[in-house]
Amino acid sequence: MSTTTPRNYTKLFIPGPIDVSEDTYAAMSRPMIGHRSGDFVKLYEGMMPKLQTLFGTSRPVFLSTSSAWGTMEAAIRNLTQKRVLNCCCGAFSDKWNDVAKRCGLEADALRVEWGEAITPELLREALSKADYDVVTLVHNETSTGVMNPLKELAAVVNEFDDVLLVVDTVSSFSATPIAMDDWGIDVLLTGSQKALALPPGLSLFAASERAMKRAEATPNRGYYFDFLEFAANAEKFMTPSTPCISLLYGLDHQLNKFFAEGLENRYARHRKLNGMIDAWGAKHGLTHFAPEGLRSVTLTTFANDRDWDLDAWNKRLKNEHQLMINMGYGKIKGKTFRISNMGDENEATIQELIDALDATLPV
Ligand SMILES: *Cc1c(COP(=O)(O)O)cnc(C)c1O
C-alpha cells in the first residue's frame, strides 16, 4: 500500500513489523499446496538461487517457520560446545546473551554502551581471553540504529581457529550488501517482517560447511530447530515440518520484485530514503543516537534531546495521518525515537511521512 492515497489503516514506520504492500498480500492469498508436493519443491527451488545471491553464499538457504529468535536460539544450541561470546550493544544483542544462559550454555558478554558499535580491537581482545567456539553478533542493532562493521568483525573472528560466527541481519538483510561466504560468516539469519517487508512468522538462515560439521557433533539439538534436519530436507527443497506456505508465496513475490528492481538499485534506494530522514533531522537540529559512519541504512534513531512528549506526538501521527513511528525500545524508550525506511518505501511515501512529522512536530 505504498501510495499516497488515503488509508483506512495505520501505516507502520516503526522498525518492524513494517508495512506490507497490497500486491504482497495478494500474492500470499493463493490456495494451499502440500508441503511434500512437486508444487512446493518448485516454489522453494525457484527461490533458492535468489536467496543464495542475497545471502552471498553457495550454501543452501533454509526456511524456518518461526520468528528470528527461533533461529537465533537454534544457532547457539546447534553450535556451542565450549563457550559463546555474545557481542552486546543494544536490546537485541543483549538479549542473545540472556538466551544463551537460559539454554544452559557458558556465555560471556562483550559489552559496549548502547549507541556504540563493537570494534575489531575489543572483539580481538575478548576472544583472546577465553576458549570460545561461537561468537554472536547483531549486524544492525535495531534498538540503537547502530550498524556494526560486519566485514571487519568477521575478519577478526576468522583470526581464531574453530570459532564460528553467527550473525543476526534481521533488520539489514536485503537492504545492504552482505557476503556470507567471502566474509567468512558461519551462520547468517534473518526474519520476514523487517527489510523483506513481509508479515512476521518466517526466518531464513544459512550455515557454512564447518558450522554443519560442528552441529553434527553437538548433542541435544532437539528436532524443530535441528540444523541437520533443515539440511537433509533442503536437499529435496523441503522443510522439516509444515512451513508457513502463505509467507513463502509472499517471499517468492518479494524476491521477484527485488531482482526486477536490481539489487544495486535496491541498496541505493535504501541509502537515499535513509538520507531523506537524516536531512529532515538535520533541518530540525536533531542529534543521532548512533555515531556517524556506523549508522543503519534501514532506520534512524534520534536522541530525544528536547524532551518531547513522544507518546502524544505518535498519537497525533496516528489520528491525523494514519501512520506511526517508534518511541524508543528497551531502556532508551522515551529517550530516543526511531523511524524506519526499510521495505517497499519510495521517495513519495517517505516525503509523505516527513510532511506528517513536520505537521505534528511537538515544538
Ligand atoms: C526484530 C529483531 C529481532 C527479533 O525478531 P523476532 O522476529 O521478534 O524474533 C532480532 N534481532 C534484530 C536485530 C531485530 O531487529
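The values are calculated or read from the model by the stated rules, or taken from the named source; none is laboratory data. From a predicted model like this one, the values you see are computed outputs, not experimental measurements. Ideal geometry is used to build each Cβ from the backbone, glycine not excepted, and the neighbour counts take in all protein chains shown.
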If we keep just the residues of the range 18-73 that are part of a loop (DSSP other than H, G, I, E, B) and β-branched (Val, Ile, Thr), which is farthest from the ligand (Cβ to nearest atom)?
33
Residue 37: passes all of (1) hydroxyl-bearing (Ser, Thr, Tyr); (2) farther than 22 Å from residue 184 by Cα; (3) touching a helix residue (DSSP H, G or I) at 6+ places or on another chain (Cβ under 8 Å); (4) surrounded by fewer than 16 Cβ atoms within 10 Å (Cβ to Cβ) but (3)
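Can you tell me which residue is nearest to residue 70 (Cα to Cα) among those in the range 200-220 that are over 24 Å from the mean Cα position of the chain (by Cα) and assigned to a loop (DSSP other than H, G, I, E, B)? Please lay out each step first, then the result.
Here is the first cut: in the range 200-220, the residues over 24 Å from the mean Cα position of the chain (by Cα) are 213-214, 216-220.
Retained after the next criterion (residues that are assigned to a loop (DSSP other than H, G, I, E, B)): 217-220.
On the way: 217: 21, 218: 18, 219: 18, 220: 16 Å.
In this case the residue turns out to be 220.
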Tell me yes or no: at least one residue of the range 21-36 is at pLDDT 95 or above and under 26 Å from residue 143 (Cα atoms).
yes
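Of the residues 3, 10, which single one is modelled with pLDDT under 95 and either closer than 30 Å to residue 127 by Cα or touching a helix residue (DSSP H, G or I) at 6+ places or on another chain (Cβ under 9 Å) (or both)? Even if it seems obvious, please write down each step before you answer.
On the way: 10 fails: modelled with pLDDT under 95.
Result: 3 is the single residue among 3, 10 that is modelled with pLDDT under 95 and either closer than 30 Å to residue 127 by Cα or touching a helix residue (DSSP H, G or I) at 6+ places or on another chain (Cβ under 9 Å) (or both).
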In the set 306, 338, the lone residue that is part of a loop (DSSP other than H, G, I, E, B) and of a type in the set (Lys, Arg) is 306
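Of the residues 40, 55, which is touching a residue at least 24 places away in the same chain (Cβ under 8 Å), outside the structural domain of residue 347 (by TED's automatic domain parsing) and over 18 Å from residue 249 (Cβ atoms)?
55
If you scan the range 309-335, which residues turn out to be in a loop (DSSP other than H, G, I, E, B) and in contact with a Leu (Cβ under 8 Å, 6 or more places away or on another chain)?
Our first condition is that a residue be in a loop (DSSP other than H, G, I, E, B); within the range 309-335, this holds for 309, 322, 325, 327-329, 334-335.
Answer for the range 309-335, where residues must be in a loop (DSSP other than H, G, I, E, B) and in contact with a Leu (Cβ under 8 Å, 6 or more places away or on another chain): 325, 327, 328, 334.
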Specify the residue that is farthest from the chain's Cα centre (by Cα); the eligible residues are those in the range 277-304 that are touching a residue at least 40 places away in the same chain (Cβ under 8 Å) and either farther than 21 Å from residue 355 by Cα or surrounded by fewer than 17 Cβ atoms within 10 Å (Cβ to Cβ) (or both).
284
A careful count of residues in the range 179-199 that are in a loop (DSSP other than H, G, I, E, B) and either more than 16 Å from the ligand (Cβ to nearest atom) or not assigned by TED's automatic domain parsing to the domain that holds residue 212 (or both) gives 3
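Name the one entry in 47, 32 that is in contact with a helix residue (DSSP H, G or I) (Cβ under 9 Å, 6 or more places away or on another chain) and within 25 Å of residue 181 (Cα to Cα). Spell out how you get there, then give the answer.
Values: 32 fails: within 25 Å of residue 181 (Cα to Cα).
Being in contact with a helix residue (DSSP H, G or I) (Cβ under 9 Å, 6 or more places away or on another chain) and within 25 Å of residue 181 (Cα to Cα) holds for just one of 47, 32, which is 47.
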Only one of 274, 326, 346 is under 30 Å from residue 66 (Cβ atoms), out of contact with any strand residue (DSSP E or B) (no Cβ under 6 Å at 6 or more places or on another chain) and touching a residue at least 12 places away in the same chain (Cβ under 8 Å); which?
274
Looking only at helices (runs of 4 or more DSSP H) that lie completely in the range 75-178, which have at least 1 residues being within 16 Å of the ligand (Cβ to nearest atom), surrounded by fewer than 19 Cβ atoms within 10 Å (Cβ to Cβ) and under 20 Å from the mean Cα position of the chain (by Cα)?
91-102
